[in-house]
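The values are calculated or read from the model by the stated rules, or taken from the named source; none is laboratory data. Since the model is a prediction, treat every value here as computed from it, not as a measurement. Ideal geometry is used to build each Cβ from the backbone, glycine not excepted, and the neighbour counts take in all protein chains shown. Accessible surface areas use protein heavy atoms only, side chains included; no ligands, DNA or RNA. Shrake-Rupley method; radii C 1.70, N 1.55, O 1.52, S 1.80 Å.
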Amino acid sequence: MTSVTATKRRTGQGAGRPPHRPPGRPVDHGAWFLVLPALIPILLLSVGPLLYGIALAFTDAQSGRTRATQWVGTLNFQDLLHDTLFWESFRIGLLWAVGVTVPQFLLALGLALLLNQKLRLRWLARALAIIPWAMPEVVVGIMWRLVYNPDAGILNETLRDLGLGDGRDWLTSLATALPAVILVGIWAGMPQTTVALLAGLQNTPRELHEAAALDGAGAWRRFQTVTWPTLKPVALAITALNLIWNLNAFALVYVLTGGGPGGRTRLPMLFAYEEAFRYGQFGYAAAMGCVLVAVVSVLLAVHLVSRLKGDE
């Protein structure tokens, strides 16, 4: 009895001691040095210019001025409220963003469903489907300018061969410029949407499809009850991101039309670019950029809140 009691005392049992806990892990300050190589470029190339642009929006900064830039408060934003050209470009930007995002998602969904099937040479079809994604926007714009060329473009040549008219200048016509540019935007952005949706489809358990098929569910019914519930989070995320990216579009439309004809394809980013680098109104252009950042931030916040509610 005495030896047992002594053993308990030596091991700390039965003496009312709290259980042994390892000491708290010290903060590893060295981890910050691992983050710095990625953090510094973000601060210098993204956060820094953003803060500078916001500050510039409250000044009368212009190119070629000899006197110092002065603080004008919210004057640029007040002028922006009454600028009909800016709001027209904003309307065109919304038409562009929705006109690209919605068809792009529907076509990408159909392509992802097709590439998810057990097809012969499926690997080749998947590789070909992402080719537009590997091409820079400037190259895509130049290529489609050649396609739309009124004299020797493949589109007009095909229409002539089919006896459907003599063709037209698609990018300089007031009626066809915006639809032609939207078509290019759909083609260029489909691969990334297809890849995201295909990844979501591959996460759907095949056993659920087999069980639904045994219950007599057809293809459409299986899509509604099995595929879409698991694919919905991915679909909402990629659609929201595509909408934000398309609102910020610049290079593709700039190469295709430069904002013409008559401003029919002048997106907000193009309008801000012209104000800054064609007319030298840096402060006013920065105010336009702030408005676009605010709109994108609101869309991103709505998306994040909806995702958080969905997770709950």
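Worth a mention:
- Residue match in the range 212-224 (condition: part of a helix (DSSP H, G or I), under 26 Å from Pro191 (Cβ atoms) and modelled with pLDDT of 90 or more): no
- With a requirement of 1 or more residues that are of a type in the set (Ser, Thr, Tyr) and either modelled with pLDDT under 90 or open to solvent by less than 10 Å² (accessible area, probe 1.4 Å) (or both), the helices (runs of 4 or more DSSP H) lying completely within the range 242-312 that satisfy it span 282-311.
- Against the criterion of being buried (at least 17 other Cβ atoms within 10 Å of the Cβ) and among the polar types (S, T, N, Q), Ser89 qualifies.
- So Leu146, is it farther than 29 Å from Val253 by Cβ and either open to solvent by 60 Å² or more (accessible area, probe 1.4 Å) or assigned to a helix (DSSP H, G or I) (or both): no
- On the stretch given as the range 176-193, residues that are assigned to a helix (DSSP H, G or I), among the polar types (S, T, N, Q) and farther than 10 Å from Pro132 by Cβ total 1.
- Residue count for the range 112-141 under the criterion of being open to solvent by 50 Å² or more (accessible area, probe 1.4 Å) and closer than 19 Å to Phe223 by Cβ: the result is 5.
Listed here are the residues, each with its yes/no results for (1) on the phi > 0 side of the Ramachandran plot; (2) not small (Gly, Ala, Ser).
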| site | (1), (2) |
| --- | --- |
| Leu94 | no, yes |
| Lys118 | no, yes |
| Leu121 | yes, yes |
| Val138 | no, yes |
| Trp144 | no, yes |
| Leu155 | no, yes |
| Val184 | no, yes |
| Gly189 | no, no |
| Asn203 | no, yes |
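- Of the listed requirements (1) among the polar types (S, T, N, Q); (2) open to solvent by 50 Å² or more (accessible area, probe 1.4 Å); (3) under 26 Å from Ala235 (Cα atoms), Thr74 misses just one: (3).
- Number of positions in the range 150-165 that are without any contact (Cβ under 8 Å) to a residue 12 or more places away in the chain and either assigned to a helix (DSSP H, G or I) or touching a helix residue (DSSP H, G or I) at 6+ places or on another chain (Cβ under 7 Å) (or both): 7
- Considering residues of the range 154-167 that are under 34 Å from the mean Cα position of the chain (by Cα) and loosely packed, with under 15 Cβ neighbours inside 10 Å only, the residue nearest to Val138 (Cα to Cα): Ile154
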